[in-house]
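Trainee: Can you read through this structure? Questions will come right after.
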Amino acid sequence: GQQLNQSPQSMFIQEGEDVSMNCTSSSIFNTWLWYKQDPGEGPVLLIALYKAGELTSNGRLTAQFGITRKDSFLNISASIPSDVGIYFCAGQIDSGSRLTFGEGTQLTVNP
Amino acid sequence: DTGVSQDPRHKITKRGQNVTFRCDPISEHNRLYWYRQTLGQGPEFLTYFQNEAQLEKSRLLSDRFSAERPKGSFSTLEIQRTEQGDSAMYLCASSKHRDRGEAFFGQGTRLTVV
């Protein structure tokens, strides 16, 4: 079963607002990944984090790898309608090993 | 397009029938993964290959499920005697570097068992 707790489960925001979501685990992960999934499609990789404390940006997205290696967060600044979708965190114990996914955060952006 | 390719995109089958899905990974990616995703949940790991070797199988992968990657390139996932509970999105992903965990997903195969 799932080992990652992702919150919030859903968010309804206005266009232009900033968004923050996070993921926590009872286990240590050595890699954290964030994906976005649109309906009927596969997850698309947004950001990958490899080092505890690492802060990485990809455009309007910023993600951090928690110091304890048991958590990560994703921020989206100045949201736009195309940000709508489900965001998943995923943790990996060893490089190239299985990914363990959170249950996702459903983001809705009202124009 | 050089991304992960899955075929078919959709499959409707009657309970008890066998189905087979195909995944073509990104060229030169030596690791290939299968995941299953049900509505409202995150993907759940099924199995993965490094080249042609199947390195790990989840307990979710019952005896009715079998995956192969015979030449270390494309992979197939077969489900025998399908059950309604097998209805899900089956996702394939691939990765290249041993020291980096980035896995790239295909568009998935949506299976509906009626």
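Trainee: So which residues in region B:43-56 are more than 10 Å from every other protein chain (Cβ to nearest Cβ) and outside any loop (DSSP other than H, G, I, E, B)?
Mentor: Listed by number, the residues that qualify are B:Phe49, B:Ala53, B:Gln54.
Trainee: Right, next: Tell me which residues, restricted to region A:1-35, are part of a loop (DSSP other than H, G, I, E, B), closer than 18 Å to A:Lys70 by Cβ and facing chain B (nearest Cβ under 10 Å).
Mentor: Matches in region A:1-35: A:Gly1, A:Gln2, A:Phe29, A:Asn30.
Trainee: May I pose another question? Please find, among B:Gly16, B:Gly72, B:Gly101, B:Gly40, the residue that is assigned to a loop (DSSP other than H, G, I, E, B) and crowded, with 18+ Cβ neighbours inside 10 Å.
Mentor: Among B:Gly16, B:Gly72, B:Gly101, B:Gly40, only B:Gly101 is assigned to a loop (DSSP other than H, G, I, E, B) and crowded, with 18+ Cβ neighbours inside 10 Å.
Trainee: If you don't mind, another one. Just one of B:Tyr90, B:Tyr33 is outside any loop (DSSP other than H, G, I, E, B), among the aromatic types (Phe, Trp, Tyr), facing chain A (nearest Cβ under 8 Å) and surrounded by 21 or more Cβ atoms within 10 Å (Cβ to Cβ); which is it?
Mentor: B:Tyr33
Trainee: Hey, A:Asp38 hits all of (1) crowded, with 19+ Cβ neighbours inside 10 Å; (2) within 13 Å of another protein chain (Cβ to nearest Cβ) but one; which does it fall short on?
Mentor: (1)
Trainee: Please find, within region B:57-69, the residue that is surrounded by the most Cβ atoms within 10 Å (Cβ to Cβ) out of those that are in a strand (DSSP E or B) and away from chain A (no Cβ under 14 Å).
Mentor: By that ranking, first place goes to B:Phe65.
Trainee: I'd like to verify a number: residues in region A:39-70 that are small (Gly, Ala, Ser) and assigned to a strand (DSSP E or B), how many? Can you show your working first?
Mentor: Residues of region A:39-70 small (Gly, Ala, Ser): A:40, A:42, A:48, A:52-53, A:57, A:59, A:63, A:66.
Filter again for assigned to a strand (DSSP E or B), leaving A:48, A:57, A:63.
Selection size over region A:39-70: 3.
Trainee: In addition: Do you know which of the residues in region A:84-101 that are closer than 10 Å to A:Tyr35 by Cβ and facing chain B (nearest Cβ under 7 Å) is surrounded by the fewest Cβ atoms within 10 Å (Cβ to Cβ)?
Mentor: Within region A:84-101, the match that is surrounded by the fewest Cβ atoms within 10 Å (Cβ to Cβ) is A:Phe101.
Every number here is computed from the coordinates shown, using simple stated rules; none is lab data. Just so it is clear, the structure is predicted and the values come from calculations on it, not from any experiment. Virtual Cβ from ideal backbone geometry, glycine too; neighbours counted across all protein chains shown.
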